[in-house]
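Have a look at the structure below, then the notes.
The values are calculated or read from the model by the stated rules, or taken from the named source; none is laboratory data. Note that the structure is a prediction, hence the values are computed from the model and not measured. Don't worry about glycine lacking a Cβ; one is built from the backbone with ideal geometry, like all the others, and counts go over all protein chains shown.
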């Protein structure tokens with residue numbers, strides 16, 4: 001498959017005028033509005049569900065420390081978080097995609113499709129997201145050198161401490177894999193690589209869409225101390241999605257990335273939550289090998305994309 005001939009497969013369908021076009025809205029502007037709205041609704045739902053579950057469990061008593069209770073019941077907070085992601089990042093983003101294309105085109109717009117080589121693409125992408133980790137770690141270290149307000153740093157440290165306490169508790173591994181790896185892998189990919197990237201492609205073209213959607217993915221997590229590695233992963237996921245023409249490789253890679261972090265934090269918390277410094281970094285040869293192999297695997301994905 002020639003990439004120039006594959007515009008109908010790798011970019012959103014262009015047939016007909018969408019609701020956004022008929023009403024004078026840019027596709028990218030509608031996507032930006034939805035990112036803000038979805039974030040607010042997702043966070044509100046997460047809080048409401050968590051509070052409701054705490055009340056049902058009888059854990060919220062008059063005069064109780066509400067924030068302290070949430071910190072102690074991270075399992076309920078994770079359930080609320082997943083509920084918000086499923087409803088708004090996943091299902092609602094699928095519906096909002098109808099503002100950009102007709103109903104028959106919606107699945108193609110969101111890249112809910114497979115090709116004969118999608119399985120191969122998933123396999124290459126899975127290896128890629130293991131190989132790239134040393135390079136991502138170094139990007140995280142560079143991020144740690146940037147000035148960030150102390151209040152945000154302290155907030156991030158508190159979050160890490162809470163998550164570390166939760167993941168090192170007994171009997172939480174399955175719940176953590178579902179709520180930290182599986183649900184975000186599906187819902188965040190539907191929203192960012194399915195909806196947001198496709199909307200930006202319709203307005204700005206492929207490469208701006210890949211870069212901007214990746215940056216927005218990083219910003220969406222509200223972690224300035226971790227922005228650069230998150231944005232890097234977002235850009236890589238966007239590139240994989242465009243090259244494969246399908247959402248499945250990115251979903252698989254997202255699950256592997258988050259799932260491996262959960263396993264590392266559960267069994268080796270001293271490594272997962274270690275402060276970033278040159279002393280705790282992988283050796284330089286590993287960084288160079290990671291960069292070279294990452295470039296090689298991206299080249300493999302590119303060549304596979306030409307066979308579709």
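Data table
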| read-out | value |
| --- | --- |
| Residues being over 15 Å from residue 89 (Cα atoms) and under 13 Å from the mean Cα position of the chain (by Cα) - total across region 208-217 | 2 |
| From 96, 101, 136, 148, residue being surrounded by 17 or more Cβ atoms within 10 Å (Cβ to Cβ) and outside any helix (DSSP H, G or I) | 101 |
| Candidates 224, 237, 247 - the one that is out of contact with any strand residue (DSSP E or B) (no Cβ under 8 Å at 6 or more places or on another chain), more than 30 Å from residue 155 (Cα to Cα) and either at pLDDT 95 or above or buried (at least 18 other Cβ atoms within 10 Å of the Cβ) (or both) | 247 |
| All positions within region 1-20 that are surrounded by fewer than 15 Cβ atoms within 10 Å (Cβ to Cβ) and modelled with pLDDT of 80 or more | 17, 19 |
| Cβ-Cβ under 7 Å pairs, at least 6 apart or on other chains, region 268-280 side within 16 Å of residue 134 (Cβ to Cβ), far side outside any loop (DSSP other than H, G, I, E, B) | 271/264; 272/261; 272/264; 272/265; 276/140; 276/141; 276/144 |
| Check on residue 253, more than 27 Å from residue 152 (Cβ to Cβ), crowded, with 19+ Cβ neighbours inside 10 Å and without any contact (Cβ under 8 Å) to a residue 60 or more places away in the chain | no |
